[in-house]
Amino acid sequence: MNSPTPDSTHTVLGACPHDCPDTCSLVTTVRNGIAIKVQGNPAHAHTDGALCTKVSRYTERTYHAERILFPLKRTGPKGAGQFERVSWDTALADIAARLSSIVGRGKDAAQAILPYSYAGTMGLVQGESMASRFFHRLGASLLDRTICATAGGAGLKHTLGGKVGMRVEQFAHAKLILIWGSNSIGSNLHFWRYAQLAKRNGAKLICIDPRRTETADKCHEHIALLPGTDAALALALMHELIRNDWLDHDYLEKYTLGWDALRDHALQWPPARAAKICGITEDQITALALDYGGAYLRGEPAAIRMNYGLQRVKGGGNAVRAIASLPALTGAWRHAAGGVLLSSSGAFAVDRGALERPDLLKGRTPRTINMSTIGDDLLRPASTNGGPAVEALVVYNSNPVAVAPESSKVVAGFAREDLFTVVLEHFQTDTADYADYILPATTQLEHWDVHLSYGHTDALLNQPAIAPLGEAKPNTQIFRELAQRMGMTDPCFAESDESLCRLAYGDAVDFEVLQRQGYCTLPLPDAPFATGGFPTPSGRCEFVSERLAAMGLDALPTYVPNHEPFGSSKEFPLAMISPPARNFLNSSFVNVKSLRDIEGEPLLEMHASDAQARGIADGQTVRVFNQRGEYRVMARISARARPGVVNGLGVWWRKLGLAGTNVNEVTSQALTDMGGGPTFYDCLVEVKPFWPAAPVNSA
Ligand SMILES: Nc1nc2c(c(=O)[nH]1)N[C@H]1C(S)=C(S)[C@@H](COP(=O)(O)OP(=O)(O)OC[C@H]3O[C@@H](n4cnc5c(=O)[nH]c(N)nc54)[C@H](O)[C@@H]3O)O[C@H]1N2
Ligand SMILES: Nc1nc2c(c(=O)[nH]1)N[C@H]1C(S)=C(S)[C@@H](COP(=O)(O)OP(=O)(O)OC[C@H]3O[C@@H](n4cnc5c(=O)[nH]c(N)nc54)[C@H](O)[C@@H]3O)O[C@H]1N2
Ligand SMILES: [Mo]
């Protein structure tokens, strides 16, 4: 905001980089070159001057005593976490030599190199700009970045046409809000503010979630369905809307595709059928239909806030399709405060081509590896995955050893002695423990970036507030220097971070506005689909999708049972979900002590009946296991868990959890119906008390 003068205090405008729908506008106070405070920008409507507990502690994370401040080279066995300090020169020269020796083996050999990254920062510049240019120029394997949202993303695309929907601020004016698969208070706090405004104005709030979350506590009703059964519930809702003729026939006629087929399909889903599958009562379904249909009859706006929690199961894409279809049945889209929102990121015109430069592939078509199956992929021999075995891995903005499913495989892959691994990080994470080199990366307070949001429709700019700590460098700079050492002379490798920030939106966003106020609101209509205009091929809300049919999938939104359906295994009778912990952000912040202290220790919430049946007492250490593995955790007997479902909260760092394990020991690498996404919440387990004296496999 104002420029630094020596020995003075000034503030700098930034953006929260974390993988969260809120993407807050930040104001950092800097005194004598040190960031002393990070606050929410009061001028930014969505942030409203307030931050979550995590990010309000951002200085604690930035100046953490365990920040990686120098390049480190491995000295012990893989995974032991033993490193020595080396110079940038030594590290970059060795890494460049190792990568060059792979590339030099001939045509397509570079595919043995794999970048692995996700949304440690959501920044468009410190994410896939210079990094992608570097890997494209090499001809390295491509990474399919599926670990979070691709099933739901595909579901939206094949229904509404993209990651589009209601404007989040409009939720404040809704009269009915379904909070579907979202713990808003924990993971989308700034949306919750709008929901509360609506509640104060008389809106009814209904939470649909297997877990009784803190959000469910504050809603008028909670429907605790079994994980992975949302499509059955949505189809039964349609059944009731049809049976009662709570339908906007004019909207259906003009702005939807395939209504007759969907109608026939939904009529096969009477509430009794869905109730059995969902593990809820028929009355709950008919009451929900009355609420949704009633809003239509009264001419009141009904809004649905979905989140990605519900698409981490085999039928995740279809579930999103079924739910995203609902507003078209009642014409809820006619209201600015009606419709559905899962992600708003499709509203941003990001010039990814300019940032990532896929043209540097120069006609080569490297194979693509799905990040959600990294365990299997690292263990695959040559030629079984469309190319050579992975020999070099460059990890940035991600902690796969903690967050990827089926840890035993992931750990075995990372432990391969013949794998050369480079990790760009702030901290010595579980993944960094397996690195040959750890390279110190800057945090958001130390670098430039530009952001979109998947929970609102404002673009943001992040300007550096302080100089890089120690010898840390931005991801972009690390790839620039590697490119230079590998003889990449294209001018695109010399572009500065500030230029990359300007490139991201081109003329679509006014950079001067970004610089002046930190954010820029996209000019969008309030009721985007009031008269159709969906970005689908037909321009309509597509109940029937030709594109899905062409891919051999069901053309209609369908209930697809889980890979591991509840009740299908005697050996592993409990369904486990592992939703986010409120004070962590995936595995980020687990090492910030004040936040870890709030979370206490890794917890497994269990219903009293399930605990009693297993002789488990509250606070006791338990083993959670299945055919894939076992992790240890403290049992919390709690009404937050419904019978039959256990909630393993948060992705803890393995080394900070019990017995060096976390929830992903038991999750599977099976994928979703569309989008190739992971199925973290489609997971059957058994739970037993842990008796230290007993042999581990005594179950
Ligand atoms: N504090 C905090 N905030 C976060 C994150 C975090 O780790 N911590 N993670 C961020 C990330 S990466 C993302 S992708 C976003 C969104 O991430 P999401 O994972 O969508 O976040 P939540 O809204 O917390 O969780 C979804 C809710 O879905 C519920 N759920 C699980 N299975 C099912 C199901 O089958 N059906 C239904 N209806 N509900 C189900 C869970 O109990 C949980 O309450 O949040 C982001 N925000
Ligand atoms: N069991 C289970 N597993 C899950 C989930 C779940 O709900 N249950 N959620 C899944 C979801 S939704 C997601 S999105 C994934 C998330 O998985 P990841 O994207 O791997 O997210 P994080 O665990 O937050 O790890 C990000 C890392 O990036 C680092 N980082 C941050 N900024 C920078 C930077 O500027 N430069 C560099 N070099 N590094 C940086 C951080 O220090 C951190 O260690 O996890 C998934 N895993
Ligand atoms: Mo995510």
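The values are calculated or read from the model by the stated rules, or taken from the named source; none is laboratory data. The shown structure was predicted, so the numbers you read here are calculated from the model rather than taken from an experiment. We place every Cβ from the backbone using ideal geometry, glycine too, and count neighbours over all the protein chains shown. For accessibility, only protein heavy atoms count, side chains too; no ligands or nucleic acids. Shrake-Rupley method; radii C 1.70, N 1.55, O 1.52, S 1.80 Å.
Give the shape of region 445-500 as rounded, prolate or oblate, defined through the alpha-carbon gyration tensor: a ≥ b ≥ c are the square roots of its eigenvalues, a/c under 1.5 means rounded, and otherwise the shape is prolate if a/b is larger than b/c and oblate if not. Cα axes put region 445-500 in the oblate bin. Taking Lys54, Lys276 and ordering them by how much accessible surface each has at a 1.4 Å probe, largest first, produces Lys276, Lys54.
Tally up the carbon and sulfur contribution to the accessible surface of the chain as a whole percent, 1.4 Å probe, everything protein left in place.
51
For Glu446, the accessible area of its heavy atoms, probed at 1.4 Å with every protein chain present, is near 10 square angstrom. The listed residues Leu553, Leu649, Leu225, once ranked by accessible area (1.4 Å probe) with the largest placed first, stand as Leu553, Leu649, Leu225. Summarising the amide proton neighbourhood of Arg623: residues at separation of 5 or more, or on other chains, whose placed amide H is nearer than 5 Å comprise Lys688, Phe690.
Taking the three principal axes of the alpha carbon atoms in the chain, the coordinate ranges are 72, 65, 53 Å, sorted in descending order. Report, in degrees rounded to the nearest 10, the 0 to 90 angle that the Cα long axis of helix 189-200 makes with the longest principal axis of the chain. Once rounded, the angle reads 20 degrees. Only protein heavy atoms count here; on that basis, with a 1.4 Å probe, Asp89 has an accessible area of about 90 Å². On C-alpha positions alone, give me the angle between the axis of helix 475-485 and the longest principal axis of the chain, in degrees, nearest 10. On a 0 to 90 degree scale, this one is about 40. Compared with the dominant Cα axis of the chain, that is its longest principal axis, helix 88-103 is turned about 70°. Compute the Cα gyration tensor for region 574-689, then decide on rounded, prolate or oblate, letting a ≥ b ≥ c be the square roots of its eigenvalues: rounded whenever a/c is under 1.5, prolate when a/b is larger than b/c in the other cases, and oblate in all that remain. Oblate. For the chain, the share of DSSP beta bridges that are antiparallel, to the nearest 5, is 50%. Extending 7 Å from Cα along the Cβ direction at Leu290 and again at Leu361 yields two label points whose distance is 5.5 nm.
Within a straight-line Cα-Cα reach of under 17 Å, Lys218 can be paired with the following lysines, leaving aside sequence neighbours fewer than 8 residues apart in one chain: Lys175, Lys199, Lys204.
For Cα pairs less than 8 Å apart in space and 6+ apart in sequence, what is the mean separation divided by the residue count of the chain, i.e. the relative contact order in percent?
Relative contact order comes out at 20 percent.
Remark: spin-label model distance Arg243-Gln620 equals 4.3 nm, labels positioned 7 Å along the Cα→Cβ axis.
Rounded to the nearest 0.05, the FRET efficiency derived from the C-beta distance between Glu66 and Ala613 at R0 = 51 Å is 0.75. Cα centroids of region 554-569 and region 114-179: 25 Å apart. Shown in residue order for region 278-294 are the 3J(HN,Hα) couplings computed by the Karplus curve 6.51 cos²θ - 1.76 cosθ + 1.60 at θ = phi - 60°: 7, x, 10, 8, 4, 4, 4, 6, 5, 5, 5, 5, 5, 5, 6, x, x Hz (x for Gly and Pro). In region 574-689, the DSSP beta bridges split such that about 70 percent are antiparallel, to the nearest 5. If you sort the three axes of the alpha carbon gyration tensor as a ≥ b ≥ c, you get a/c of 1.5 or more for region 546-633 and a/b no higher than b/c, which makes it oblate.
Taking all protein chains as they are arranged and a probe of 1.4 Å, the heavy atoms of Arg380 leave approximately 80 Å² accessible to solvent. Length gained on full extension, Met634 to Arg516, computed as 0.36 nm times the residue gap minus the Cα-Cα distance: 37.6 nm. Rounded to whole numbers, the Karplus 3J(HN,Hα) couplings from phi for region 486-497 are 9, x, 8, 9, 3, x, 5, 7, 9, 4, 7, 5 Hz, using 6.51 cos²θ - 1.76 cosθ + 1.60 with θ = phi - 60°, and x at Gly and Pro. The candidates Glu84, Glu300, Glu571, arranged from most to least accessible area with a 1.4 Å probe in the full protein assembly, appear as Glu571, Glu84, Glu300. Strictly over 30 Å apart at the Cα level, which of Lys37/Lys163; Lys78/Lys593; Lys276/Lys314; Lys163/Lys254; Lys163/Lys276; Lys54/Lys655 would you flag in this model? Going by Cα-Cα distance, Lys37/Lys163; Lys163/Lys276 fall outside the 30 Å limit.
For region 574-689, relative contact order (Cα pairs under 8 Å, six or more residues apart, normalised by length) works out to 36 percent. Comparing Cα centroids, region 265-283 and region 485-552 end up 39 angstrom apart. Relative to the current alpha-carbon distance between His10 and Glu601, full extension at 0.36 nm per residue lengthens the span by 208.9 nm.
Whole-Hz Karplus values for region 395-412 come out as 9, 9, 6, 7, 10, x, 4, 8, 9, 7, x, 6, 3, 4, 6, 4, 5, 4 Hz, taken residue by residue from phi with 6.51 cos²θ - 1.76 cosθ + 1.60 and θ = phi - 60°; glycine and proline positions read x.
Full extension of the segment from Arg105 to Asp490, taken as 0.36 nm per residue of separation minus the current Cα-Cα distance, would add 136.4 nm.
One Cα centroid belongs to region 342-418, the other to region 21-55; the line between them spans 32 Å. For the chain, the solvent-accessible area works out to 35 Å² per residue, with a probe of 1.4 Å and every protein chain left in place.
Residues whose amide H falls under 5 Å from that of Glu425, counting only those 5 or more places apart or on a different chain, are Leu439, Ala441, with hydrogens built in the peptide plane.
Rounded to the nearest 0.05, the FRET efficiency derived from the C-beta distance between Arg298 and Ala50 at R0 = 45 Å is 0.85.
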